[in-house]
Amino acid sequence: MHPASTMHPATTLHPATAFKGDQGLSLQRTMETESTIPGAASACRLEFSSRGDRVPTLFVTPQGKGPHSTVVIVHSAGSSKSALELDLAGFVAAGHATLTIDLPLHGERSSSKLTECLLAAIRGGARDANTTSLLAQFARQSESDVRSALDLALTLPDLDADRIGLAGVGVGALFAARVGADDPRPVALALAGMPTADLPQPLDASRHVDRIAPRPLLQIETDGDEMKTMADFFATSL
């Protein structure tokens, strides 16, 4: 994977149009014009509520008339909703809207005290009772956030509720698999670079992957071109 990097600050900021279904998710909206996503019609920063936590979200729409297919993308450990490595422009070029979130203790939700501890534990560092508890809380909140992101995708304008995909990279693939196994709304899933070794129980997703069938499932290793591979996969499966 390429090193994580975030987009430049938005050049304009103004209230967005109200979306349907805001009440259940306690949705807050601002609009961002973001030149680092070539080909996008708009990039909208949202926040919704998940288990009492606020989840920063980026909603990007392609050019052209909707309703559009949508891919909910879950980033890797140490990354964020707007990381260049997610190649949102590639999904837009393939005609998909994208919805990305900052996982707990990532991106706008980072903590000077806890983020490095979490990342070390995810990457196989020493685990004591405190880090095990932190991993369990991270997993519970992350799964809730991904499910709520799918809820949100059903409320946004010009999206096709029957063409929603779910993708994850690295640790994000774990949560995509765990949620996708039980949630029928994603009609296709893509998992890139999903860790399989030395995972604590809260993160283990190996037993969930088989339950995604018969929906289309793409599993790939991270090779620097995995996001294009996923965008192409969803172009034929959504």
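The table below lists the values:
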read-out	value
Which numbered condition LEU189 misses (of (1) over 20 Å from LEU99 (Cα atoms); (2) modelled with pLDDT of 95 or more; (3) not polar (S, T, N, Q))	(1)
Close pairs (8 angstrom Cβ cut-off, 6 or more residues apart or separate chains): surrounded by fewer than 16 Cβ atoms within 10 Å (Cβ to Cβ) in the stretch 42-62, part of a strand (DSSP E or B) and β-branched (Val, Ile, Thr) anywhere	SER49/VAL55
Selection from the stretch 87-136 of residues that are aliphatic (A, V, I, L, M) and touching a strand residue (DSSP E or B) at 6+ places or on another chain (Cβ under 6 Å)	LEU88, VAL92, ALA97, LEU99, ILE101
When residues of the stretch 170-195 are limited to those that are in contact (Cβ under 8 Å) with a residue 60 or more places away in the chain and in contact with an Asp or Glu (Cβ under 7 Å, 6 or more places away or on another chain), the one farthest from VAL74 (Cα to Cα)	GLY193
Candidates HIS75, HIS68, filtered to the one that is farther than 27 Å from LEU134 by Cα and touching a residue at least 40 places away in the same chain (Cβ under 8 Å)	HIS68
Count of residues meeting criterion [modelled with pLDDT of 90 or more, in a helix (DSSP H, G or I) and either over 22 Å from VAL169 (Cβ atoms) or among the aliphatic types (A, V, I, L, M) (or both)] in the stretch 107-129	3
Residue within the stretch 72-81 that is assigned to a loop (DSSP other than H, G, I, E, B), in contact with a strand residue (DSSP E or B) (Cβ under 6 Å, 6 or more places away or on another chain) and among the charged types (D, E, K, R) present	yes
Residue match in the stretch 135-144 (condition: touching an Asp or Glu at 6+ places or on another chain (Cβ under 8 Å) and either of a type in the set (Asp, Glu) or modelled with pLDDT of 95 or more (or both))	yes
Where a residue in the stretch 106-117 is on the phi > 0 side of the Ramachandran plot and its partner, wherever it lies, is surrounded by 15 or more Cβ atoms within 10 Å (Cβ to Cβ) and of a type in the set (Lys, Arg), with Cβ under 9 Å and at least six apart	GLY107/LYS81
Every pair of residues 6+ apart whose Cβ atoms lie under 6 Å, when the first sits in the stretch 85-102 and is assigned to a loop (DSSP other than H, G, I, E, B) while the second is charged (D, E, K, R)	ASP102/LYS81; ASP102/GLU108; ASP102/ARG109
SER76 vs. criteria within 16 Å of ALA192 (Cα to Cα) and not hydrophobic (A, V, I, L, M, F, W, C)	yes
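The values are calculated or read from the model by the stated rules, or taken from the named source; none is laboratory data. Fair warning: this is a prediction, and the values are worked out from it, not measured in the lab. With ideal geometry, Cβ positions are generated from the backbone for all residues, glycine too; neighbour counts draw on all protein chains shown.
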